[in-house]
1. Quick test for you: out of Lys51, Lys79, Lys45, pick the one residue that is modelled with pLDDT of 95 or more, over 24 Å from Glu108 (Cβ atoms) and more than 13 Å from the chain's Cα centre (by Cα).
2. Among the residues of the stretch 50-88, write down those that are near the ligand (Cβ under 10 Å from one of its atoms), assigned to a loop (DSSP other than H, G, I, E, B) and more than 23 Å from Asn15 (Cα to Cα).
3. How many residues does the stretch 21-49 contain that are in a helix (DSSP H, G or I) and hydroxyl-bearing (Ser, Thr, Tyr)?
4. Within the stretch 82-96, which residues are modelled with pLDDT under 95 and closer than 20 Å to Gly28 by Cα?
5. Do the conditions hold for Ser30, that is, is it among the small types (Gly, Ala, Ser), within 9 Å of the ligand (Cβ to nearest atom), surrounded by 20 or more Cβ atoms within 10 Å (Cβ to Cβ) and within 23 Å of Pro103 (Cα to Cα)?
6. For the stretch 41-50: of the residues being of a type outside the set (Lys, Arg) and crowded, with 18+ Cβ neighbours inside 10 Å, which is farthest from Ile76 (Cα to Cα)?
7. Is the stretch 110-119 home to any residue that is surrounded by fewer than 16 Cβ atoms within 10 Å (Cβ to Cβ), modelled with pLDDT under 90 and within 12 Å of the ligand (Cβ to nearest atom)?
8. Which one of the conditions (1) within 7 Å of the ligand (Cβ to nearest atom); (2) under 13 Å from Val84 (Cα atoms); (3) aromatic (Phe, Trp, Tyr) does Phe23 fail to meet, given that it meets all the rest?
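The values are calculated or read from the model by the stated rules, or taken from the named source; none is laboratory data. Owing to the predicted nature of the structure, the values given are computational and were not obtained by experimental measurement. Counting neighbours? That spans all protein chains shown, and the Cβs are built from the backbone with ideal geometry, glycine included.
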Amino acid sequence: MLDKYPNFFLLFFDNIPYGSSVFSLGMGTSSLEVRLFRDLACQVKGIDFVKFNVEWARQRGLTAIEGNIHDELDRITEKFDIIVMSEVLGDLDAYAIFEQLRPLLKSEGKILLSTYLPHSHSRDETGYERRWTSSLNRILIAAGFAIVRKGVYKTAGERQATFLAFPQEVPNNEDVLDGYVFYEIRPT
Ligand SMILES: C[S@@+](CC[C@H](N)C(=O)[O-])C[C@H]1O[C@@H](n2cnc3c(N)ncnc32)[C@H](O)[C@@H]1O
């Protein structure tokens with residue numbers, strides 16, 4: 001079944017149990033989220049501040065909130081098994097977001113996040129905030145999360161991950177240019 005998906009999605013799929021409640025921050029066009037809903041029977045809620053993305057998600061059977069992630073989180077009272085942060089961390093306040101998310105996780109809940117490697121966007125002029133993974137590690141631990149695992153993956157073309165190893169440490173060298181990092185974290 002899953003081999004029809006780009007490998008990128010498998011980073012999430014392989015870590016999300018069937019039937020989980022999932023909250024996706026900045027779901028964009030919901031490609032991943034629709035598959036979680038359709039094929040893993042997950043209850044999926046998403047949030048995005050782009051109206052089109054929210055309407056698109058609703059048309060596809062997802063629950064979606066339109067608004068700014070930082071503003072809306074404090075209004076949410078339910079708890080989730082999984083929080084997905086696929087390529088959105090760079091748009092957020094990394095120092096605030098993990099503190100905000102902690103109360104939204106069930107006791108065995110976890111956050112799965114992927115983000116660009118900080119130096120992989122040397123040609124990016126969009127203002128995407130670059131974060132060294134060492135800073136991110138410190139932020140996560142300070143916010144009360146344990147890093148269950150992290151890894152580097154490279155991409156070839158649209159969302160085709162070609163390297164999905166999970167080394168203990170993410171190297172900051174040229175071998176990971178144009179790569180991404182993937183983290184699984186849990187509240188301590
Ligand atoms: C780079 S896209 C990633 C989309 C999707 N998660 C994926 O992996 O393809 C980032 C998404 O987050 C949304 N976003 C960024 N900052 C946001 C914020 N502060 N509040 C709500 N949505 C935000 C954008 O509108 C966009 O849809």
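1. Lys51
2. Val50, Gly67, Asn68
3. Residues flagged as in a helix (DSSP H, G or I) and hydroxyl-bearing (Ser, Thr, Tyr) within the stretch 21-49 amount to 1.
4. Within the stretch 82-96, Ser86, Glu87, Val88, Leu89, Gly90, Asp91, Leu92, Asp93, Ala94 qualify.
5. It is false that Ser30 is among the small types (Gly, Ala, Ser), within 9 Å of the ligand (Cβ to nearest atom), surrounded by 20 or more Cβ atoms within 10 Å (Cβ to Cβ) and within 23 Å of Pro103 (Cα to Cα).
6. Cys42
7. No, there is no match, as no residue in the stretch 110-119 is surrounded by fewer than 16 Cβ atoms within 10 Å (Cβ to Cβ), modelled with pLDDT under 90 and within 12 Å of the ligand (Cβ to nearest atom).
8. (1)
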